[in-house]
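**Student:** Got a structure here, written out as structure tokens. Questions coming.
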Amino acid sequence: MAATPLDSAWEWLITNFSEFQLATVVTFVLHESVFFLSGFPSLLFERFGLFAKYKIQKKSNTSDYQNRCVMRLILYHVCVNLPVMIFSYPAFKFMGLRSSLPLPHWTVIVSQVLFYFILEDFIFYWGHRALHTKWLYKHVHSVHHEYATPFGLTSEYAHPAEILFLGFATVVGPALTGPHLFTLWLWMVLRVLETVEAHSGYHFPWSPSNFLPLYGGSDFHDYHHRVLYTKSGNYASTFVYMDWLFGTDKGYRKTKAIEGEEGKHL
């Protein structure tokens with residue numbers, strides 16, 4: 001069977017880079033590229049007042065406040081994320097990470113990524129609820145909530161301890177399955193795009209939550225940022241069912257119902 005373009009591209013990667021380089025430095029570069037390219041649009045929309053009709057909150061961050069977020073993100077990513085990727089490589093190898101050809105079948109990739117999303121959402125929900133207890137919120141999670149009006153890049157603006165927790169929730173699934181590096185990259189890209197969209201501060205007609213059942217998205221998570229931390233709810237990262245099952249979305253549902261009634265009388 002002739003090699004596909006994807007197979008050829010992957011063969012070039014594994015020929016020109018060691019697995020260690022691919023799993024650490026190249027992974028970091030891929031993450032930074034996807035994160036900043038997907039996160040900057042909502043920053044620019046807010047700064048220049050674009051798509052204002054789709055902005056969830058009327059408040060906006062100042063340019064200085066946005067710049068502060070960007071600079072701290074670069075610092076955290078270089079000083080926390082990159083070292084973690086480098087030093088965790090032996091653990092991933094032990095748990096079965098591979099990068100060789102052939103690439104996994106698409107059914108394996110899809111099933112694993114879906115499993116990762118479900119498991120990460122479950123772990124994130126309970127960890128996030130814990131972060132909203134008084135001590136952990138004051139000393140750790142309050143950093144993330146410095147931006148009550150989020151934009152895409154604030155998704156990874158957090159205390160270093162929280163960055164480590166988020167990393168743990170993200171890698172548990174891959175650690176259990178021993179994935180191919182391609183699957184790991186795809187999972188990372190999708191997870192970054194999801195959390196950037198959830199923090200974008202904009203709800204468009206084409207937003208994923210308008211089409212994907214059980215997906216939370218920007219409207220669901222923006223509520224979490226704009227209310228008092230003891231009453232926020234909406235703790236899950238991706239889906240809405242965990243908050244529904246455990247009753248932590250009641251404030252959000254009540255607010256949406258009120259907004260719906262007010263909309264009928266306009």
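The values are calculated or read from the model by the stated rules, or taken from the named source; none is laboratory data. Owing to the predicted nature of the structure, the values given are computational and were not obtained by experimental measurement. Glycine gets a Cβ as well: all are built from the backbone with ideal geometry, and neighbour counts include every protein chain shown. Surface areas here come from the heavy atoms of the whole protein model, side chains and all, with no ligands, DNA or RNA. Shrake-Rupley method; radii C 1.70, N 1.55, O 1.52, S 1.80 Å.
**Student:** When the Karplus curve 6.51 cos²θ - 1.76 cosθ + 1.60 is applied with θ = phi - 60°, which whole-Hz ³J(HN,Hα) does each residue of the stretch 34-48 get, with x for Gly and Pro?
**Tutor:** Taking θ as phi minus 60°, the curve returns 5, 5, 6, 5, 7, x, 5, x, 5, 4, 5, 4, 5, 5, 9 Hz for the stretch 34-48.
**Student:** Still on this structure, I have one more. With a cut-off of 8 Å between alpha carbons and a minimum separation of six or more residues, what is the relative contact order of the stretch 93-181 in percent?
**Tutor:** Working: 58 pairs, mean separation 47.4, N = 89.
For the stretch 93-181, the relative contact order is 53 percent.
**Student:** For helix 217-226, what angle does its Cα long axis make with the longest principal axis of the chain, in degrees from 0 to 90 and rounded to 10?
**Tutor:** 60 degrees
**Student:** Just need the relative contact order of the stretch 14-94 here, percent rounded to a whole number, with Cα pairs under 8 Å and 6+ apart. The partial results should precede the final answer.
**Tutor:** On the way: 24 pairs, mean separation 36.2, N = 81.
Once normalised by length, the contact order is 45 percent.
**Student:** To continue, here is another question. Tell me the per residue accessible area of the chain using a 1.4 Å probe; a whole number in Å² is fine. Walk me through the numbers on the way to the answer.
**Tutor:** Details: 13710 Å² over 266 residues.
Result: 52 Å² of accessible area for each residue.
**Student:** Right, here's the next one. Could you check the spin-label model distance between V189 and R72? Points 7 Å from the Cα along Cα→Cβ, value in nm.
**Tutor:** Reported label-point gap for V189 and R72 is 3.0 nm.
**Student:** How large, in percent, is the carbon and sulfur part of the accessible surface of the chain at a probe radius of 1.4 Å? Intermediate values should be presented prior to the final figure.
**Tutor:** On the way: 9730 of 13710 Å².
Carbon with sulfur: 71 percent of the solvent-accessible area.
**Student:** OK, next. If you place +1 on the Cβ of every Lys and Arg, -1 on the Cβ of every Asp and Glu, and leave all else neutral, what size is the dipole of the chain about its Cα centre, to the nearest 20 Debye?
**Tutor:** Working: 20 positive and 20 negative charges, 160 e Å.
Here the chain has a charge dipole of around 760 debye.
**Student:** Let me ask you something else. By how many degrees, 0 to 90 and rounded to 10, does the Cα axis of helix 63-76 deviate from the longest principal axis of the chain?
**Tutor:** With rounding to tens, the tilt is 30 degrees.
**Student:** What list of whole percents do you get for P(r) of the stretch 1-143, with Cα-Cα distances grouped in 10 Å bins up to the one holding the largest distance?
**Tutor:** Calculated P(r), rounded to whole percents: 9, 22, 35, 23, 11, 1.
**Student:** Highest GNM mean-square fluctuation, the chain, Cα pairs closer than 10 Å: which of A169, A158, A91?
**Tutor:** Maximum fluctuation in the GNM of the chain, among the listed residues, is at A91.
**Student:** Give me the angle, in degrees from 0 to 90, between the Cα long axis of helix 181-198 and the longest principal axis of the Cα atoms of the chain, rounded to the nearest 10.
**Tutor:** 10 degrees
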